[in-house]
1. Name the most mobile residue of GLY222, GLY303, GLY329, meaning the one with the largest mean-square fluctuation, in a Gaussian network model of the chain with Cα contacts below 10 Å.
2. Under 30 Å Cα to Cα from LYS123, which lysines show up? Leave out anything in the same chain fewer than 8 places away.
3. Counting only DSSP beta bridges with both residues in the chain, what percent are antiparallel, rounded to the nearest 5?
4. At 1.4 Å probe size, put HIS217, HIS354, HIS275 in order of accessible surface, largest to smallest.
5. Pick from PRO327, PRO242, PRO156 the residue whose mean-square fluctuation is largest in a GNM of the chain, springs joining Cα atoms under 10 Å.
6. In what order, largest first, do LYS123, LYS264 sit by accessible area if the probe radius is 1.4 Å?
7. Taking R0 as 56 Å, what FRET efficiency do you get between ALA235 and ARG56 from their Cβ-Cβ distance, rounded to the nearest 0.05?
8. If I ignore ligands, DNA and RNA and count only protein heavy atoms, how much of HIS305 is accessible to a 1.4 Å probe, in Å² to the nearest 10?
Amino acid sequence: MKILVTGAAGFVGRNLCCRLENIRDGKQKAPAGVIIEEVMKVDIDTPPEELADYCRRADFVFNLAGVNRPRNPEEFRLGNAGFAGLLLEELRRSGNNAPVMLSSSIQASLEGRYAGSPYGESKLEGEELFFEHGRLTGAPVLVYRFPNLFGKWGRPNYNSVIATFCHNIGRGLPLRVDNPETELEFLYIDDLVDVMVDALGGNVRREGKYCVAGPTHRVTLGEIVALLESFDAQARTLEMPPAEPGSFASKLHSTYLSYLPADKAIFDLKPHSDHRGSFTEFMRLGASGQMSVNVSEPGITKGDHWHDSKWEQFLVVSGHGLIRLRPVGDEKVTEFEVSGDRPQVVRMLPGYTHSIVNLSDSERMVTLMWANEAFDPERPDTFRDPV
């Protein structure tokens, strides 16, 4: 299958082309029965003769070309409906009745807040050109009215309010929010790309003459800002905000990180060090506890304490050690010899005093530790008792 993508360098186009090329190269799974041979990219600088060649050879056309922020209203018509007309004429001239997809907008609606906007009118005109193309040629026509889109590779102050917010917060720039209670509908770019790739295999959900992309999320501007501020604070507080898979918060967190300057990908931790080694809190997971890294100097024993309710998991990732557990009030000791060469998790059981010993006389031992709750100095639940 040879696929033509217009607007290939734009926000949606770039994300779609990367997915299509991954499928072509065997890096991602394709819909059943779909084999991608070539991804033909068209953008504003593509020569007319190259576009004509692509239109002749295409087995499927994604028309993502458009204008969001023109210098004057006339550019809406030329960049949206105008290019759509040229593309469809070229397909008809070559006798190509391949399926054609149009990325329209909810602003094409003739009702509500978008009625009569120059952008919406240009999108509506483009829709009618595509529907007419289907009537003239019999080609399958897929018209999607997208809500607000968000995700990686968008342009701040152009594609999306979320792109602008992510860009500004990651750089310490101010945000402008006129009404935090304003609720908008959003569609995540990876969910949209899933829908478009599924269309290659004929899997399309329709409502009347329009195709539907989802899932979408309705969120207020105030909720978005609060989430972004919690993401930004994570490097300082180590608190990892909730991110249930598939949730808006999870998708927004990925989006926020994609807008960070590369030099902000790193942040310092605060180790607690003494002659025995160091203990460094790494991540706080809310109701799911905390992660830490423990470094033990050669021959050192750490621990020798127990907990009423708190429990932990230890994973030695480097070095060679011995973990010992004993029920409080009992003399029976259970021992586990552990090594970074053989990953094993040992659970520190409530009511058991426990210790970890570095058995090496020359090398440090590094242990990854998880506790089911973050340390609370007001209620430490930690009681000294040598194993």
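The values are calculated or read from the model by the stated rules, or taken from the named source; none is laboratory data. Everything quoted here is computed from the prediction, not taken from an experiment. As a convention, Cβ positions derive from the backbone with ideal geometry for all residues, glycine included, and neighbour counts pool all protein chains shown. Surface accessibility is based on the protein's heavy atoms, side chains included, excluding ligands, DNA and RNA. Shrake-Rupley method; radii C 1.70, N 1.55, O 1.52, S 1.80 Å.
1. GLY329
2. The qualifying lysines are LYS2, LYS41, LYS152, LYS209, LYS251.
3. Values: 54 of 77 bridges.
Percent antiparallel among DSSP bridges in the chain is about 70.
4. Numbers: HIS217 30, HIS354 5, HIS275 150 Å².
Putting HIS217, HIS354, HIS275 in descending order of accessible area: HIS275, HIS217, HIS354.
5. Comparing PRO327, PRO242, PRO156 in the GNM, the peak value goes to PRO327.
6. Details: LYS123 20, LYS264 100 Å².
Accessible-area ranking of LYS123, LYS264, largest first: LYS264, LYS123.
7. Numbers: r = 52 Å, r/R0 = 0.93.
With a Förster radius of 56 Å, E is 0.60.
8. 50
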